[in-house]
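This report concerns only the one structure given below.
The values are calculated or read from the model by the stated rules, or taken from the named source; none is laboratory data. It should be emphasised that the depicted structure is a prediction, and the values quoted were computed from it without experimental measurement. Glycine gets a Cβ as well: all are built from the backbone with ideal geometry, and neighbour counts include every protein chain shown. Only protein heavy atoms, including side chains, enter the accessible area calculation; ligands, DNA and RNA are left aside. Shrake-Rupley method; radii C 1.70, N 1.55, O 1.52, S 1.80 Å.
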Amino acid sequence: MDLQAFQWTREPLACRVDGDTVAITTKPHTDLWQRTYYHFQNDNAPVFQMETAERYFSFTVKTDFAQSHQRFDQCGIVMYLDSENWLKASVEYENETFQHLGSVVTNHGYSDWATTEIPAEVKTMWYRLSRREDDYCVECSEDGVRFKQMRICHVHEGGGAVRFGVYACSPEESSFQAVFSEMKLTECMWKAHDGQQPD
């Protein structure tokens, strides 16, 4: 991928771009979340994205979070449109035993959080974000070969040009380096549905 096409929405504490690898050092007290359950609004995580009007595509990236060590340290893929409309998928550190593999979709200022626990020794994860018009599929993989569906979602404001890429943040008093590599932008790997026909 041409990383020259990527731009920052809020810059991290530090960043290094080396070929197709991006290393982001997080600032403490950075996060993305809107309202639901916790009632607070956090909108200060660094986001590194490119824009496209292509309505069918897949974006794949490998994340390395070996340095994460504090509760909620996280890094992954993101499609950030504005403060109230975005989605993200990541692994969030919890403790020395487990961490949360999950995704958040935020529509019109309200976030959800779908998670599953995975062992704390997992330190890399691939993600694939696929778009079919204004519907999206998020997948993950531990080896970059076999991808498993995390969720299918609708983004209410995601029907036109969108921005997508990577993010990393540390909601508590923490800082760590997240490394992103093997970024690919391809034709849509999420195939058209072959079951019940649309109404």
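Key figures for this structure:
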| quantity | calculated |
| --- | --- |
| Residue order for F40, F48 - accessible surface, 1.4 angstrom probe, largest first | F40, F48 |
| Those GluC sites (Glu not before Pro) in region 45-114 that DSSP places in a loop and that have at most 15 other beta carbons within 10 Å | E54, E96 |
| Per residue value of the accessible surface for the chain (all protein chains in place, 1.4 Å probe), Å² | 48 Å² |
| ³J(HN,Hα), Karplus 6.51/-1.76/1.60, whole Hz, each residue of region 60-76, x for Gly, Pro | 10, 8, 9, 10, 10, 10, 4, 8, 5, 8, 10, 3, 6, 3, 7, 7, x |
| Alpha carbon centroid spacing (whole Å) that separates region 142-199 from region 1-47 | 15 Å |
| Rounded percent of accessible protein surface that carbon and sulfur make up, the chain, 1.4 Å probe | 45 percent |
| Solvent exposure ordering (accessible area, 1.4 Å, most first) of Y127, Y56, Y37, Y110 | Y37, Y110, Y56, Y127 |
| Dipole axis of the chain (+1 Lys, Arg; -1 Asp, Glu on Cβ), positive-most option in A120, F57, N44 | F57 |
| Charged-residue dipole, Cβ positions (Lys, Arg, Asp, Glu), the chain about Cα centre, Debye nearest 20 | 160 debye |
| Nearest-10 value in Å² for the accessible area of H69, using the 1.4 Å probe | 100 Å² |
| Peptide ranges 13-20, 59-66, 73-80 listed from the most packed, as the mean C-beta count within 10 angstrom indicates | 73-80, 59-66, 13-20 |
| Rounded to whole Hz, the Karplus (6.51, -1.76, 1.60) HN-Hα couplings of region 99-111, x for glycine and proline | 9, 9, 8, x, 9, 10, 10, 10, 10, 6, x, 10, 9 |
